[in-house]
1. If I ask for residues that are buried (at least 17 other Cβ atoms within 10 Å of the Cβ) and among the β-branched types (V, I, T), which ones from the stretch 67-82 would you list?
2. Of everything in the stretch 38-56, what is closer than 15 Å to V86 by Cβ and among the aliphatic types (A, V, I, L, M)? Give them in sequence order.
3. Name the single residue that is nearest to the chain's Cα centre (by Cα) among those in the stretch 2-14 being free of Cβ contacts under 8 Å to residues at least 60 places away in the same chain and closer than 21 Å to E119 by Cβ.
4. Being farther than 27 Å from A122 by Cβ and under 16 Å from the mean Cα position of the chain (by Cα) is true for just one of V86, V76, V70. Which residue is that?
5. For the stretch 3-19, how many residues are over 21 Å from Q78 (Cα atoms), surrounded by 11 or more Cβ atoms within 10 Å (Cβ to Cβ) and of a type outside the set (D, E, K, R)?
6. Does the stretch 125-144 include one or more residues that are touching a helix residue (DSSP H, G or I) at 6+ places or on another chain (Cβ under 8 Å) and among the aromatic types (F, W, Y)?
7. Being closer than 18 Å to Q14 by Cα, in contact (Cβ under 8 Å) with a residue 40 or more places away in the chain and surrounded by 11 or more Cβ atoms within 10 Å (Cβ to Cβ) is the requirement here; does A47 meet it?
8. For the stretch 82-91, state whether one or more residues are among the charged types (D, E, K, R), in contact with a His (Cβ under 9 Å, 6 or more places away or on another chain) and touching a residue at least 24 places away in the same chain (Cβ under 8 Å).
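The values are calculated or read from the model by the stated rules, or taken from the named source; none is laboratory data. Only a predicted model underlies this, so the values are computations on that prediction, with no experimental measurement involved. Note that we place each Cβ from the backbone using ideal geometry, even for glycine, and neighbour counts take in every protein chain shown.
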Amino acid sequence: MNNPDQTEVLAARQHWMAILARLPAGDLDELLQTSGDGHEFNLLRPAECGLCMVRGRISARGDAFNLGEVSITRCVVQLDNTITGVAYIKGRDKKRAEMAARLDALLQSGSLKVDSLQEYSAKLDNERKQRTATVATTKVDFFTMARDR
C-alpha cells in the first residue's frame, strides 16, 4: 500500500497532467517559455499517434460497452537525464504532446511551480462551465404522467 506522501504526490501529478492534457498549444508554449530555459530534454519515446477505445455505460449503473475509438498522442521525455515526463493527449498534435511531457518533467523537478497552473486551470473550468450552460439550454425534461382509466 502507498504511504500518504506518495498518494498526495500521485494525486497532485494526476491533477496537473489532466490540466496539461487539455491546454491548447499556445498556453503550453507560454508555460515552457517561462520555465524551460537551461534544461536539456531527451526524447525517450517520440510523440506518436494511436487509437484508444472509449467505453460507455448504460445509465449510471448499467453494463459497460465499447462506444468507439478516439485518437491520442503520447510522448515520453527525460529532463537532464534524471526525471521522466509523460503526456497523453486527445488528438493528433505531436508538438502539443511533447510540450506537455516537457512540462510534466519540469513540474516533477520543481523548476516549474504547480501554482503557475492555477490561472490555466481556472480558464479551463470557465470554458467547461460555459459549454455546460450552452448545452443546458437545449435540455428537454421528459416526465411520465399517471393516467386514470
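1. Correct list: I72, T73, V76, V77.
2. L43, L44, A47
3. Q14
4. So the residue among V86, V76, V70 that is farther than 27 Å from A122 by Cβ and under 16 Å from the mean Cα position of the chain (by Cα) is V76.
5. 1
6. no
7. Judged against the criteria, A47 is not a match.
8. no
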